[in-house]
Amino acid sequence: MILYPAIDLINGECVRLAQGRFDAVTKYDSDPFKRLNLFNEEFAQWVHIVDLDGAKAGSPQQHELIGRLARASRARIQTGGGVRSREHVQTLLDTGVSAVVVGSAAVKNPEEVRGWLRDFGKDRITLALDVLPTADGDFDAALHGWVEGSGISLWDVLDYYPFGVAQRILVTDVSRDGMLMGPNMDLMKALRKKRPDLEIQASGGVKSVEDLYDLKALGVHGAIVGKAIYEGLIDLKAALNVG
């Protein structure tokens, strides 16, 4: 399993949100290069970078900074935040990142996004399906930086991308993100059962190395970890050794 230590950026600074709320921001590093260097020193294979300004604006806002981070990194960079068009994908790939995360567009414009997967390569695009648990036990796909629901079930969104069309998905239980509650294991089990063809990245709630071993046991391909690293609850070296 691949660990993706996370860097979330607002105005060039490393932050974490609670449940995707922009009114619940904790600042950690004013210089993201220092955080990236810590990840590089432990030989992380990948780093997950989110342009939260871009997610809020609906278009990439910090791509120049992300490009400089990519060029300074030993690890491969996966990044997203406000990616809504083919031009946005191209702009980010041109900065030198290895994979671009597409969220709201994957839900709202699946035909267009299927074209991006075909043209850029399905190894260069990660579909981010951020979900909000519903009262009936389903999961509603969230849009626009998690601030609104789509009214479309996670399972219906997956059907937009039949076997062979996509390679990897990043699924975040928004209710757990930044809350250190542990990952939604039932959701991950259901995803693995429905779509064994996809490389699943789990996001939201990871609080311990034991959580990572549990995800690995399910066959989850990767895990995004942010707050638990920043708060010192997870030793990065130990977490990277889970893979």
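With every protein chain in place and a 1.4 angstrom probe, the accessible-area ranking of Y230, Y4, largest first, reads Y230, Y4. Solvent-accessible area per residue in the chain equals 42 Å², computed with a 1.4 angstrom probe and all protein chains kept.
Within segment 177-220, whose backbone N sits under 11 Å from a point 7 Å along Cα→Cβ of A18? In segment 177-220, the label zone of A18 (backbone N under 11 Å from the point 7 Å along Cα→Cβ) covers 178-180.
Could you tell me what % of all Cα pairs in segment 1-121 have separations over 22 Å? So the pairs more than 22 Å apart make up 32 percent of the total in segment 1-121. Computed in the context of the full set of protein chains, the accessible area of the chain at 1.4 Å probe radius has 46% of its extent on carbon or sulfur. For segment 186-231, lysine pairs separated by 8 or more sequence positions, or belonging to different chains, with Cα-Cα distances below 24 Å total 8.
The values are calculated or read from the model by the stated rules, or taken from the named source; none is laboratory data. All values reported here derive from a predicted model rather than from experimental measurement. Cβ coordinates were reconstructed from backbone atoms using ideal geometry, including for glycine residues, and neighbour counts include every protein chain displayed. Remember, those area values only see protein heavy atoms, side chains included, never the ligands or the DNA or RNA. Shrake-Rupley method; radii C 1.70, N 1.55, O 1.52, S 1.80 Å.
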